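Report on the following structure.
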Amino acid sequence: MAAYNKETKNRLEQIVEIARSLSEIQDIDILLERILTETRHIVNADAGSIYVVEGNNLKIKYGQNDTQLKLLEPGEKLPYTYFSFPIDETSISGYVAKTQRPLNIEDAYNIPEDTPYQFNKESDITTDYHTSSIYTFPLKIKGGALLGVIQIINAMDDEGNIVPFSKEAELLISHFASSAVQALQRAYVTSSMVKRMLKMAEFRDPKETYPHVERVSSFSLEIYDRYAFNHGIPYDEQEKYRDLLKIGAKFHDVGKVGISDVILKKAFPRFTEEERNIMKGHTCIGAQLFDPSESDLDIICRDIALHHHDRWDGGESGYPGKIDLCSFSIKDGRLPEGEVLKGNDIPLAARIVAVADVFDALSHKRCYKESWSIEESFNEIYNSAGSHFDPEVVDAFSQIKDRICSILNAIPDTE
Ligand SMILES: [Fe+2]
Ligand SMILES: [Fe+2]
């Protein structure tokens, strides 16, 4: 670092610190979002997007825009975006993905005509924004494979004027990107382990499909973000919790791997009393897959798996309640009698996932029922506030209706 001036050296040291904090993030999506946020902060960029490679396309994961965010009410978020486009010259990000080389554009509206790529004004027009400087760079792992592309827009100087991305900015980003890629590689390993576990559950229970699990996880994160805003939960606590919740929510019904096929795949007539009781055991089986002494992730996974069917008011249809997991064995499969668990004694993560899971089940077709309309599904959740569900969680859910609908559209059932 000796050849750098003092300010650059300080910033490089800050980057090392930020990169270290990235390594604690386990969920791949949360990590991608954070990498985009930090990249923008490091070089003071007003906006940006992060894309991941999916086959021959780039798919947007997150878009951020401080200017547009300031126009919203506190706690609100920009619309949830989902689109993909080919890895080719028809877009700047596609071109960068194809060449796998960074590209620094001083002014999007003055790109020489003989360049192989052109700026697409469409998004500026629809969002009433003016893009000037753009820096786009690939995220590549060590062996050279491309993970995705980050594009940051409108570098700002200390007075808030839009300026081109400087040589120093390029240097800082390239340092940060190499650490970010290491964190990403680790998170990809975790993510494929999670996917494998979920795939096993899906083989057993045709209702627990990949899209259902992804939607429940995304709904849960959105509900938590709003809940955390409503309750003034400190930023650091939020960041840690949302990372664990995003993964934990996916495992809510993983315990169904331990339920017999005869029961799981039964479509009609519905369960006998005995079968229903065995089915309820999926909460305890799921919980037994996680050891709370191992990690915070295990704690949240266990809480969610065990308590996502407990009711806020402690009503009879909730289960399993307070339970000693040692008194449950997979062999006999019956749920032991548990003392009622209600209200805030039910872990927050389980109260959130309960809303997300029921809403998703209502709004989609299942082997035993047709899908309800979106309006009917929302109303059912609203009407169950204070009885089945935590009213404050439902409150948060009702405040993010648009984002919930966008997730429904972004992650459809595959049939
Ligand atoms: Fe369940
Ligand atoms: Fe589910």
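The values are calculated or read from the model by the stated rules, or taken from the named source; none is laboratory data. In this text the structure is predicted, and so the values were computed from the model without any measurement. Neighbour counts are summed over all protein chains in view; Cβ atoms, including those assigned to glycine, are modelled from backbone coordinates with ideal geometry. The accessibility values were calculated without ligands, DNA or RNA, using every heavy atom of the protein model including side chains. Shrake-Rupley method; radii C 1.70, N 1.55, O 1.52, S 1.80 Å.
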With a/c under 1.5 counting as rounded, go ahead and sort the stretch 50-119 into rounded, prolate or oblate using the C-alpha gyration tensor (a ≥ b ≥ c being the square roots of the eigenvalues; past the cut-off, prolate if a/b is larger than b/c, else oblate). oblate
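What does the extension gain come out to for residue 41 and residue 332, with contour length at 0.36 nm per residue minus their alpha carbon separation?
Details: separation 291, 0.36 × 291 = 104.76 nm, distance 5.52 nm.
Value of the extension gain: 99.2 nm.
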Quick one: how many Å² of residue 83 are accessible to a 1.4 Å probe, rounded to 10? 100 Å²
Taking a probe of 1.4 angstrom, what is the accessible area of residue 67 in Å², to the nearest 10? 60 Å²
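So for 188, 210, 319, what's the accessible-area order with a 1.4 Å probe, most first? Walk me through the numbers before you get to the answer.
On the way: 188 80, 210 105, 319 35 Å².
Most to least solvent-accessible, the answer reads 210, 188, 319.
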Name the aspartates and glutamates eligible as straight-distance cross-link partners of residue 77: C-alpha to C-alpha under 12 Å, and not fewer than 8 places from it in the same chain. 66, 222, 225, 402
For the chain, max minus min Cα coordinate along each principal axis, in Å, sorted largest first? 72, 45, 39
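Quick one: order 203, 271 from most to least accessible surface, probe 1.4 Å.
Numbers: 203 145, 271 30 Å².
From most accessible down to least: 203, 271.
At 222 nm, what helix-only mean residue ellipticity would the chain give, in deg cm²/dmol to the nearest 500, using -39500 (n - 2.57) for each DSSP H run of four or more?
Values: 16 runs with 200 residues, N = 415.
Here the helix-only value at 222 nm equals -15000 deg cm²/dmol.
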Two-decimal Rg/Rh across the stretch 1-47, once Rg and the Kirkwood Rh are taken from alpha-carbon atoms: 1.05
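Going down the table (280/369; 61/401; 140/246; 331/365; 256/342), which pairs top 27 Å between alpha carbons? Display every interim value, and only then the final one.
Values: 280/369 19 Å; 61/401 20 Å; 140/246 25 Å; 331/365 32 Å; 256/342 24 Å.
Checking Cα-Cα distances, 331/365 exceed 27 Å.
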Which of the helices in the chain, when you take each full DSSP H run, stretch at least 27 Å along the axis at their Cα atoms and have an average Kyte-Doolittle score of -0.5 or higher? 167-204, 210-230
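Tell me, what is the percent relative contact order of the stretch 93-201, built from C-alpha pairs under 8 Å that lie six or more residues apart?
On the way: 122 pairs, mean separation 25.4, N = 109.
Over the stretch 93-201, the number comes to 23 percent.
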Only loop residues by DSSP count here, and only those with at most 15 other Cβ atoms within 10 Å; note down the chymotrypsin sites (Phe, Trp or Tyr not before Pro) in the stretch 1-75 that meet that. 4
Rounded to the nearest 10 Å², what accessible area does residue 372 have for a 1.4 Å probe in the complete protein model? 90 Å²
